[in-house]
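Here is the structure we will look at.
The values are calculated or read from the model by the stated rules, or taken from the named source; none is laboratory data. Remember, it's a predicted structure, so these values are computed and weren't measured experimentally. Cβ sites come from the backbone with ideal geometry, for glycine too, and all protein chains shown count toward neighbours. Side chains are part of the model used for accessible areas, which takes the heavy atoms of the whole protein and leaves out ligands, DNA and RNA. Shrake-Rupley method; radii C 1.70, N 1.55, O 1.52, S 1.80 Å.
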Amino acid sequence: MWGTGASSTQCEGAAPASDWWDWEREGRAPLSGNGNGFADRFADDFAALAELGLTHHRLSLEWARLEPEEGRHDDTAVSHYRDILLSARDAGVTPWVCLHHFTLPRWFARVGGFLVERNRTTHWRRHVEFVAETFGDLVGGWKPVNETNYYATAAYGGRGWPPGHRDVDERALAAENIHLVTAEAAVALGTTGAPVASILGLSCEVALDDRPETSATVAALQGVNWNAGIRLFRDGVLHVPGLQPIERPDLAGCFDLLGFSYYATIGVAEGKMVPYPVDAARSPLGYGIDPAGLDLVLSRLHEQLPGTPLLIAEFGVGTDDDAVRSSYLREGLRTVHDALARGIDIRGLFHWTAVDNYEWQHGFDVRFGLIDLNRQVRPSAEVLATEARA
């Protein structure tokens, strides 16, 4: 499966009923406007992707647009999203739907969001059922929650997402609930007959010295970023560091594909995270540009989950130099070919992103697209197009 990924807030702009809309107007992030204009240009965008042979696309259906007030669904938004899904199918692009990509309806955030277990088992569950019933006939695949293992850090670890708290206990509780949110949604959405994939944000750690504090940091990173989600999927046990394990055998194997995003390898020196490789060029987002690190992730997943189909749900680099992007993609594709030759079961690669979009706190300054905002196709797109056509 050759595809691309995007999110509603980033390509349509913040929903007026969302927590991110408020976040922007509080001066916590640049204004997103109408994103990259996808809401009006989706038909042409899908046609361009189909022409490139990138015939799968993940998008998010924004909860705050579909249910701007608790219990009230917006018929206009429902019709709009059905039009988008139909247009994708008409263009020969299989749509994969994400239900939560970092942002929440304002009303849901005000009652505690995913810190509150009851919100998960009532409001969220009803939303999942509504989306499945309303859009399931048009959906080719599901990716319920974006970067499940990163959301709690983003929102409760001081990374710049609302509510902007920095609280260890809230972060652990949010992490526990968001893992359950994702896995429970996967089980429910699996009844529609379309495949379901995770999107875990995965990076491997490389210790750059043998100090005890470095070993401790590596272990802590693995506990948060890897072990919680992997163990829930593999063993039906959710253990978020700092909390008691939860036995959920009903959630073991909840995904058809173990999907992940990859952007960087984490170096650890003197107990602290540092860019890796140390001499690598830096992304505008601060990490070392390291396409080879994809192999570390694929190899670890293959070791921990032998026989599990894998999906590279996001792979790309933010840069103004399209030659860098082309080189990054070529090296990533070599890594995928090598992994396939070793027997690792990789079912697809989704590039982040299709068209340059809004990159959260960085506004429109970081460009990840194969296509620019003016809808000019970059030369790097041909790297993937050549593979897809072959």
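Over the chain, DSSP H runs of length four or greater, each weighted -39,500 (n - 2.57), average out per residue to a 222 nm ellipticity of -12000 deg cm²/dmol.
Averaging 1/r across all pairs of distinct Cα atoms in the range 167-309 and inverting the result yields a Kirkwood radius of 16.3 Å.
Note on the range 127-267: with neighbouring protein chains present and a 1.4 Å probe, carbon and sulfur make up 52 percent of its accessible heavy-atom surface. Computed from the Cβ-Cβ distance with R0 of 30 Å, the FRET efficiency linking Ala47 to Arg300 stands at 0.20. One Cα centroid belongs to the range 1-35, the other to the range 255-316; the line between them spans 25 Å.
Remark: the Cα gyration tensor places the range 262-365 in the oblate category, a/c being 1.5 or greater and a/b not exceeding b/c. When the Cα gyration tensor is reduced to axis lengths a ≥ b ≥ c, the ratio a/c is 1.5 or higher for the range 256-305, and with a/b above b/c it is classed as prolate.
For the range 135-218, the Kirkwood hydrodynamic radius comes to 14.9 Å, computed from all pairs of different C-alpha atoms. Report the calculated FRET efficiency for Thr76 and Glu213 (r = Cβ-Cβ distance, R0 = 35 Å), to the nearest 0.05. My answer for the efficiency is 0.05. Taking amide H positions as modeled 1.01 Å from N, with prolines and chain starts lacking one, the residues under 5 Å from Val196 and 5 or more places away or on another chain are Trp142, Asp256, Leu257. In a Gaussian network model over the chain where Cα atoms closer than 10 Å are linked, find which of Arg211, Arg234, Arg166 has the largest mean-square fluctuation. Taking springs between Cα atoms under 10 Å, the residue moving most is Arg211. Bridge orientation summary for the chain: considering DSSP beta bridges with both residues in this region, about 25 percent are antiparallel. Principal semi-axes of the equivalent ellipsoid, √(5λ) from the alpha carbon gyration tensor of the range 218-283, are 29, 16, 6 Å from largest down. The antiparallel fraction among DSSP beta bridges confined to the range 1-159 stands at about 15%.
Per-residue packing, averaged as other Cβ atoms within 10 Å, sorts the ranges 177-187, 71-81 into the order 177-187, 71-81, beginning with the highest.
Using θ = phi - 60° in the Karplus curve 6.51 cos²θ - 1.76 cosθ + 1.60, the 3J(HN,Hα) couplings for the range 294-301 round to 4, 5, 4, 5, 4, 5, 5, 4 Hz; x is entered for Gly and Pro. Close amide-amide hydrogen proximity is noted between Ser261 and Leu200, Gly201, Leu202, Ala313, Glu314, each under 5 Å apart and 5 or more residues distant or on a separate chain (H modeled in the peptide plane; Pro and chain starts excluded). Summing Lys and Arg as +1 and Asp and Glu as -1 over all other residues whose Cβ lies under 11 Å from the Cβ of Val196 gives a net charge of 0.
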